[in-house]
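The next block holds one structure in the form of structure tokens; read it before the comments.
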Amino acid sequence: MTQPKSVPEEALAAAHLPALLMATVHLTGDAGLLAEDARPVYPLMGDASDGGLSAEVQQRIRDRARLAINAYLNGAGLPNPPSEATVRRMMTFIAGAEIPDPYVPFLLEELHISGEDPRAPDWSEPTLQAAARRLHVIVIGAGMSGLLTGIRLKQAGVAFTILEKNAEAGGTWFENVYPGCRVDNPNHMYSYSFEPNHDFPQFYSTQPVLLDYFQRIVAKHDLRRHIRFETEVEEARFDEAQGLWRVSARTAGGGRESFEGQALITAVGQLNRPRLPQIDGCDDFAGPSFHSARWRHDVPLDGKRVAVIGTGASAFQFVPEIAPKVAHLSVFQRTPPWMIPGPNYHDDVPEGIKWLIQHVPFYGRWYRFFLFWRLTDGLTEAVKAEPGWNGGPGAVGAANAMLREMLAAAVRIQVPDDPDLAAKLIPDYPPGGKRGLVDNGVWVQALRRDNVDLVTTPIRRIRPEGVETADGALHEAEVLIFGTGFEASNFLVPMRIHGRGGVELHEAWGGDARAYLGMTTPGFPNLFMLYGPNTNIVVNGSIIFFSECSVRYVVGCLKLLAETGARSLEVRREVHDAFNVRVDAENARMAWGAPQVTSWYKNSLGRVSQNWPFPLVDYWSATKAPDPADFIVDGAPQPTLALAPEPV
Ligand code: NAP
């Protein structure tokens with residue numbers, strides 16, 4: 001006789017209880033489980049897995065879940081799915097907050113209650129299938145967005161080629177190999193909505209795990225045969241007479257190759273062209289020097305005197321890793337980052353949680369939902385500027401000032417005996433002005449080591465033997481590491497992209513990159529940008545969500561071309577301009593738009609060119625499908641490609 005199956009007790013013990021309760025509602029069909037005393041009350045930050053519930057209620061939830069899961073494991077079927085009204089109650093329940101109406105369809109889609117992938121394109125109609133076969137799309141980049149584009153184009157039946165400058169797929173997760181590199185968004189949310197992974201070893205996984213996730217996606221969706229590696233696009237030109245994008249790329253052996261397609265999609269990210277600072281004497285440094293995104297693993301750091309310039313997201317991760325190994329470390333801070341407490345930042349995902357995600361229907365989806373809601377627009381109100389605020393430059397409003405106090409207190413707790421260090425670590429700009437960094441204490445511990453100095457005196461110059469500060473002090477170093485960020489606002493450099501009339505995109509932008517919904521720009525028909533201007537997020541959500549929305553929209557545009565047989569779509573100037581006026585006005589109301597803040601979110605003209613200032617739900621609804629009225633549609637027939645598109 002076979003033993004009945006049962007849920008491991010360690011799984012019940014480790015469970016995120018509100019998610020477990022939601023899964024139990026699915027397993028039992030009993031909405032009565034949503035009792036008032038089981039409604040979670042979360043702390044604003046930090047661990048929330050017990051939902052702030054009493055020990056007695058926690059026990060009740062675990063007992064009920066044990067019964068339900070064991071019954072399910074031993075063959076009891078799932079009851080009818082909960083009604084939409086019940087799902088809405090469940091959402092409000094697990095969120096611990098009233099969910100505004102516009103969010104409901106958006107969050108229902110995130111939940112995948114139907115078990116399907118609601119963002120997958122449906123091109124099943126036969127004439128559309130035939131039209132799809134005449135298209136060929138060039139995608140630049142095989143990182144997170146480019147791979148997603150490949151998956152969606154495959155699902156649509158559209159042929160495509162992905163051109164990738166690197167020797168492998170993975171984008172940022174291939175390029176950034178500095179010690180300690182990891183995602184700073186929870187992984188159960190930082191993953192494609194249709195490719196959950198119960199196996200993430202940590203809540204915030206390390207670079208090798210992320211690279212492996214994306215490379216497994218490549219294999220699972222059979223994308224490799226569509227990718228041309230070591231093929232770096234230099235130039236793209238729209239051939240108006242033909243209605244074709246012609247792309248010229250440098251290939252591995254230094255040769256050149258041309259590609260053509262009716263549409264061109266850039267998926268090159270915002271953060272992959274390292275920015276080296278303009279500091280006198282940089283070239284005079286006697287030892288090795290490198291940027292964090294071009295880490296030199298061949299340069300030993302053990303026992304060396306090392307200088308690090310920059311205290312942004314990258315340095316914040318590699319400084320604690322290298323500090324114990326080096327003889328001495330000087331960390332040069334121009335502006336401190338705001339730290340957001342995240343006690344589980346380096347923690348392993350307990351085996352019990354992995355088990356629940358893998359075996360219990362809807363547990364993983366509701367857990368993702370919880371993360372999504374909590375990190376989506378939960379903090380946005382606290383980073384909005386209040387009109388007429390006169391409480392000083394350290395905040396942009398009363399809620400922001402309160403957040404400031406909480407975050408500053410979290411810093412002081414870490415250095416109770418050293419007010420000078422606390423003062424250096426607490427920013428003078430408003431929280432949300434720059435990206436907040438998830439903090440579990442290792443940064444401050446590293447800075448407090450005997451062999452580490454946090455230098456806040458401005459740098460005067462680099463000398464062969466180290467870094468000289470404005471006070472004349474020489475900070476000796478044998479290795480110099482730049483954690484100085486990226487050429488983020490110089491979108492799509494160094495590529496040259498020529499649209500109508502041969503106009504080059506960067507010349508058209510004049511140093512101020514703009515696009516409609518981050519994707520299309522007037523004068524550049526059938527050019528679509530992913531993670532383009534004003535699609536970055538600061539405090540809310542994951543960039544994968546943005547990519548999923550953008551790719552759905554772009555595939556929607558291709559569908560319009562396929563349905564109408566039109567040659568091209570070009571966003572109307574007035575639509576583009578009106579959108580940008582709204583974006584600029586709203587960005588000016590956010591902490592990152594405050595005049596006293598400088599960051600990579602602003603371009604050289606001081607405009608916020610990177611960030612999306614509205615709620616996430618607005619991007620979701622604006623990108624569900626393109627509105628044909630937003631475009632000039634060139635009705636001339638589509639060109640036939642010189643080379644027949646590859647089969648999908
Ligand atoms: P960053 O946030 O732009 O930080 C650059 C640092 O270098 C800042 O501290 C900056 O100071 C400093 N700096 C620049 N020029 C300098 C100069 N001339 N003298 C002195 N200091 C100088 O760059 P990053 O750390 O590479 O991160 C960029 C973005 O990448 C992040 O915001 C994040 O979106 C992403 N990222 C994510 C992760 C993750 O998810 N785990 C990890 C790394 C990066 P100022 O602040 O004064 O300009």
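I want to confirm something. Restricting to segment 173-188 and keeping residues that are under 14 Å from the mean Cα position of the chain (by Cα) and in a loop (DSSP other than H, G, I, E, B), which single residue is surrounded by the most Cβ atoms within 10 Å (Cβ to Cβ)? Write out each step before concluding.
Of the residues in segment 173-188, the ones under 14 Å from the mean Cα position of the chain (by Cα) are 173, 182-188.
Imposing the further condition that a residue be in a loop (DSSP other than H, G, I, E, B) reduces the set to 183-188.
Details: Val183: 23, Asp184: 17, Asn185: 18, Pro186: 25, Asn187: 21, His188: 23.
If we take residues in segment 173-188 being under 14 Å from the mean Cα position of the chain (by Cα) and in a loop (DSSP other than H, G, I, E, B), then Pro186 is surrounded by the most Cβ atoms within 10 Å (Cβ to Cβ).
If you check Pro387 against the conditions, is it farther than 30 Å from Lys5 by Cβ and buried (at least 19 other Cβ atoms within 10 Å of the Cβ)? It is false that Pro387 is farther than 30 Å from Lys5 by Cβ and buried (at least 19 other Cβ atoms within 10 Å of the Cβ). Taking residues in segment 310-327 that are in contact (Cβ under 8 Å) with a residue 12 or more places away in the chain and assigned to a loop (DSSP other than H, G, I, E, B), and partners anywhere that are charged (D, E, K, R) and within 16 Å of the ligand (Cβ to nearest atom), the pairs with Cβ atoms closer than 8 Å and at least 6 places apart or on different chains are Gly310/Arg334; Thr311/Arg334; Gly312/Lys434; Gly312/Arg435.
Looking only at segment 288-302, decide whether some residue is in a loop (DSSP other than H, G, I, E, B), touching a residue at least 40 places away in the same chain (Cβ under 8 Å) and within 18 Å of Thr206 (Cα to Cα).
Within segment 288-302 (the criterion being in a loop (DSSP other than H, G, I, E, B), touching a residue at least 40 places away in the same chain (Cβ under 8 Å) and within 18 Å of Thr206 (Cα to Cα)), the answer is yes, since at least one residue qualifies.
Just need a number here: residues in segment 334-355 that are within 11 Å of the ligand (Cβ to nearest atom), surrounded by fewer than 19 Cβ atoms within 10 Å (Cβ to Cβ) and within 20 Å of Cys181 (Cβ to Cβ). The number of residues fulfilling the criteria is 0.
Yes or no: Gly170 among the small types (Gly, Ala, Ser), assigned to a helix (DSSP H, G or I), buried (at least 22 other Cβ atoms within 10 Å of the Cβ) and under 18 Å from the mean Cα position of the chain (by Cα)?
No, not satisfied.
From the list Ala85, Ala131, the one residue that fits, being assigned by TED's automatic domain parsing to the domain that holds Arg152 and either within 24 Å of Lys624 (Cα to Cα) or aromatic (Phe, Trp, Tyr) (or both), is Ala131.
Filtering segment 580-623 to residues that are among the basic types (Lys, Arg), in a loop (DSSP other than H, G, I, E, B) and either buried (at least 22 other Cβ atoms within 10 Å of the Cβ) or within 16 Å of the ligand (Cβ to nearest atom) (or both) leaves only Arg607. Residues in segment 41-89 that are touching a residue at least 24 places away in the same chain (Cβ under 8 Å) and within 25 Å of Met406 (Cα to Cα): Val41, Tyr42, Leu44, Met45, Gly46, Asp47, Ala48, Ser49, Asp50, Gly51, Leu53. Taken over segment 545-575, the criterion of being outside any helix (DSSP H, G or I) and farther than 19 Å from Pro639 by Cα is satisfied by Val571, Arg572. Among the helices (runs of 4 or more DSSP H) confined to segment 63-151, the ones with at least 1 residues that are within 30 Å of Gly565 (Cα to Cα) and at pLDDT below 95 are located at 126-132.
The values are calculated or read from the model by the stated rules, or taken from the named source; none is laboratory data. Given the structure is predicted, the values throughout are model-derived calculations rather than measurements. Please note: Cβ atoms are built from the backbone with ideal geometry, for glycine as well, and neighbour counts cover all protein chains shown.
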